[in-house]
1. Condition first: basic (Lys, Arg) and surrounded by fewer than 16 Cβ atoms within 10 Å (Cβ to Cβ). Now tell me which residues in segment 93-120 satisfy that.
2. Of all residues being over 9 Å from the mean Cα position of the chain (by Cα) and either surrounded by 18 or more Cβ atoms within 10 Å (Cβ to Cβ) or within 19 Å of Leu86 (Cβ to Cβ) (or both) in segment 32-46, which is modelled with the lowest pLDDT? Just the residue, please.
3. Return the total of residues in segment 69-83 being among the basic types (Lys, Arg) and either more than 15 Å from Gln22 (Cα to Cα) or part of a loop (DSSP other than H, G, I, E, B) (or both).
Amino acid sequence: MRGRRNSLLGRDGKLAHNQGVQHYNTLVLWIYIVLLLAGGLVGFYKGKSRVSLIMSAAFAAGLVLCALGVVARPRHLADILLAVLLVVFAVRLAKTKKLMPAGLMLIITIAVLVLRNARF
């Protein structure tokens, strides 16, 4: 089917994405990456937790690749990584029953998933 001039279909027959929404999703992801790395550094300096530093750096690296669009289907991969982090923080919160840091990161991760997937 041939797209018309007033159609949302581009030349290749795919729906055009709103650049504002993509920019917003990427901005939310970059803010989360900074918070994730900051949390890993705080965990390393306060608790001497190498695991916290390594895991935050590993997940942040994956999210950076998604934010830069290096991987195929970056939106889906970023949401999958965020969902994995959601489970990790929920398990840590259930074990420690303390709001800081797992509970706070759980709340932030939920907020990021909602902001990235909500249709405004």
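The values are calculated or read from the model by the stated rules, or taken from the named source; none is laboratory data. Being a predicted model, the structure only gives us computed values, none of them experimental. Here Cβ is always computed from backbone atoms with ideal geometry, including for glycine, and neighbour counts include all displayed protein chains.
1. First pass over segment 93-120, keeping only residues basic (Lys, Arg): 95, 97-98, 116, 119.
Of everything in segment 93-120, those that are basic (Lys, Arg) and surrounded by fewer than 16 Cβ atoms within 10 Å (Cβ to Cβ) turn out to be Lys95, Lys97, Lys98, Arg119.
2. Step one: of segment 32-46, the residues over 9 Å from the mean Cα position of the chain (by Cα) are 34-46.
After this cut, where a residue has to be either surrounded by 18 or more Cβ atoms within 10 Å (Cβ to Cβ) or within 19 Å of Leu86 (Cβ to Cβ) (or both) as well, the list is 34-40, 43.
Numbers: Val34: 96, Leu35: 95, Leu36: 95, Leu37: 95, Ala38: 94, Gly39: 91, Gly40: 91, Gly43: 87.
Looking at residues that are over 9 Å from the mean Cα position of the chain (by Cα) and either surrounded by 18 or more Cβ atoms within 10 Å (Cβ to Cβ) or within 19 Å of Leu86 (Cβ to Cβ) (or both), I get Gly43.
3. Of the residues in that region, 1 qualify.
Yes/no matrix, rows are residues, columns are (1) of a type in the set (A, V, I, L, M); (2) over 9 Å from the mean Cα position of the chain (by Cα); (3) modelled with pLDDT of 95 or more; (4) under 19 Å from Leu27 (Cα atoms):
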site: Ala67; (1), (2), (3), (4): yes, no, no, yes
site: Val70; (1), (2), (3), (4): yes, yes, no, yes
site: His76; (1), (2), (3), (4): no, yes, no, yes
site: Asp79; (1), (2), (3), (4): no, no, no, yes
site: Ala83; (1), (2), (3), (4): yes, no, yes, yes
site: Arg92; (1), (2), (3), (4): no, yes, no, no
site: Ala102; (1), (2), (3), (4): yes, yes, no, no
site: Met105; (1), (2), (3), (4): yes, yes, no, yes
